[in-house]
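Structure, as C-alpha cells:
The values are calculated or read from the model by the stated rules, or taken from the named source; none is laboratory data. Fair warning: this is a prediction, and the values are worked out from it, not measured in the lab. We place every Cβ from the backbone using ideal geometry, glycine too, and count neighbours over all the protein chains shown.
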Amino acid sequence: YSSQNPLKRINAELVDYASLKHQEIEELKKAEAYRREFIADVSHELKTPIFAAQGYILTLLDGAVDDDKVKYKFLKKAAKSLNGLDSLVQDLLTLSKIESGVITMHYEVFDIQSLALDIFEQLENKAHKRSIQLMLEKNYPEGIYVNADYSRISQVLINLVSNAIKYNQDGGWVKVRFDEKEKEVLITVTDNGLGIPEEDIARVFERFYRVEKSRSKKQGGSGLGLAIVKHILEGHNASISVDSEENKGTSFSFNLEKGVLNNEEVNIQRTDS
Ligand code: ADP
C-alpha cells in the first residue's frame, strides 16, 4: 500500500509510533511499580533486625543490665541481629548494583574445582556443626577451567552451598559436581536436605521469597541469595535450573563457558609454527 497511497502509509507509521510509545510507557510504569514494591520490601526487611536489636538494648536499659548472665545473653543477641542487618545491607547493595547494570563482569580463566574447595573450607565450620559432609562428586586432579568472573562466581557457589547446608538435616551431605561439555562446564550443587515444595520451586529466585517464612527465618536468611545468584548468572548469559523434591533434596545447576589456559594457547601456537 505504501507506494500507492501516501496517506495510508503515514497513518500506518503513526499507528506504529503510537503503539511503540504505549509500550514504552507501560515499561516505565512497570519499572516504577517494581521500584516502589522493592522499597516497601526493603523497609520491611530492615525493620526486623533493627526492632530485635532495639528490643534487647531497651530491656537491658530497663534493668536487665544488672544481671550478668542476662546481660551477656542479650548483648550477644543484639550483636547477632546487627550482624544479620549488615549482611542484609551487603546483599541489597550487591543486588541493586547488579540489577541496575552498574556491575560489569570481569572475565578470567580459572579453576572452578579449586574455587569450590576453597568455599568448602570457608563453610566447613557451619557444616561441621551439623555433621554435614561437603564433597566433590568426582575429583579432577588437573582442575576444571572456566571463563567467568571469579569473585561473582565465588558468590554464586557460596550462596548455593550455604543454602544446601542451611536447608539440610543434621548428618546430611552436599555434593558439587562438574560435567565437561564441548564448550561449557555444567556445575551442579546437590543436597539431600529438606527440599522445596513443588508450588514454591518457580518462585525461589524472586527477591525476598522464602519457603515457609518460619523455617527460613530460623536459618537467618535474607531471601536475597538466590536472586543474586540468578542475576550474576544472567550477567554471564547463563541460566540456572532447579530440581527438588520435598524431604529428599535439591539440586541447582548452571553452565559456564569452558576456559582455555593462556599458556596452553601459547603452546599450541608454538607447536603449530
Ligand atoms: P534465604 O536467604 O532465605 O536462604 P535464598 O534466596 O537463598 O534466601 O533462598 C530462597 C528460599 O529458597 C529459601 O528461603 C529456602 O526456603 C529455599 N531454598 C534455597 N535453597 C534451598 C535448598 N538447597 N534446599 C531447600 N530449600 C532451599
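The set of residues in the stretch 235-251 that are over 17 Å from R203 (Cβ atoms) and of a type in the set (D, E, K, R) contains only K248.
Would you confirm, using the coordinates I've provided, whether G55 is out of contact with any helix residue (DSSP H, G or I) (no Cβ under 6 Å at 6 or more places or on another chain), at pLDDT 90 or above and surrounded by fewer than 13 Cβ atoms within 10 Å (Cβ to Cβ)? Criteria not met by G55. Any chance the stretch 109-120 includes a residue that's within 16 Å of the ligand (Cβ to nearest atom), exposed (fewer than 15 other Cβ atoms within 10 Å of the Cβ) and within 21 Å of S251 (Cα to Cα)? No, because not a single residue in the stretch 109-120 is within 16 Å of the ligand (Cβ to nearest atom), exposed (fewer than 15 other Cβ atoms within 10 Å of the Cβ) and within 21 Å of S251 (Cα to Cα). Among the residues of this structure, G220 counts as one that is at pLDDT below 90, in a loop (DSSP other than H, G, I, E, B) and farther than 26 Å from I112 by Cβ.
Any chance the stretch 30-53 includes a residue that's over 36 Å from the mean Cα position of the chain (by Cα), of a type in the set (V, I, T) and at negative phi? Within the stretch 30-53 (the criterion being over 36 Å from the mean Cα position of the chain (by Cα), of a type in the set (V, I, T) and at negative phi), the answer is no, since none of the residues qualifies. Within the stretch 173-215, the set of residues being within 8 Å of the ligand (Cβ to nearest atom) and either assigned to a helix (DSSP H, G or I) or polar (S, T, N, Q) (or both) comprises D200, R215.
Does L261 satisfy the condition of being modelled with pLDDT of 95 or more and either within 13 Å of the ligand (Cβ to nearest atom) or surrounded by 12 or more Cβ atoms within 10 Å (Cβ to Cβ) (or both)? Answer is no for this residue. State yes or no: is K126 under 27 Å from A164 (Cα atoms) and either assigned to a helix (DSSP H, G or I) or modelled with pLDDT under 95 (or both)? So K126 passes the test. Out of the residues in the stretch 224-250 meeting the condition of being crowded, with 20+ Cβ neighbours inside 10 Å and not in a helix (DSSP H, G or I), tell me which one is nearest to the ligand (Cβ to nearest atom). Among residues in the stretch 224-250 that are crowded, with 20+ Cβ neighbours inside 10 Å and not in a helix (DSSP H, G or I), the one nearest to the ligand (Cβ to nearest atom) is T250. Against the numbered list (1) within 15 Å of the ligand (Cβ to nearest atom); (2) in contact (Cβ under 8 Å) with a residue 12 or more places away in the chain, Q90 comes up short only at (2).
Every listed requirement among (1) out of contact with any strand residue (DSSP E or B) (no Cβ under 7 Å at 6 or more places or on another chain); (2) more than 30 Å from N262 (Cα to Cα); (3) more than 14 Å from the ligand (Cβ to nearest atom) is met by Q133 save one, (1).
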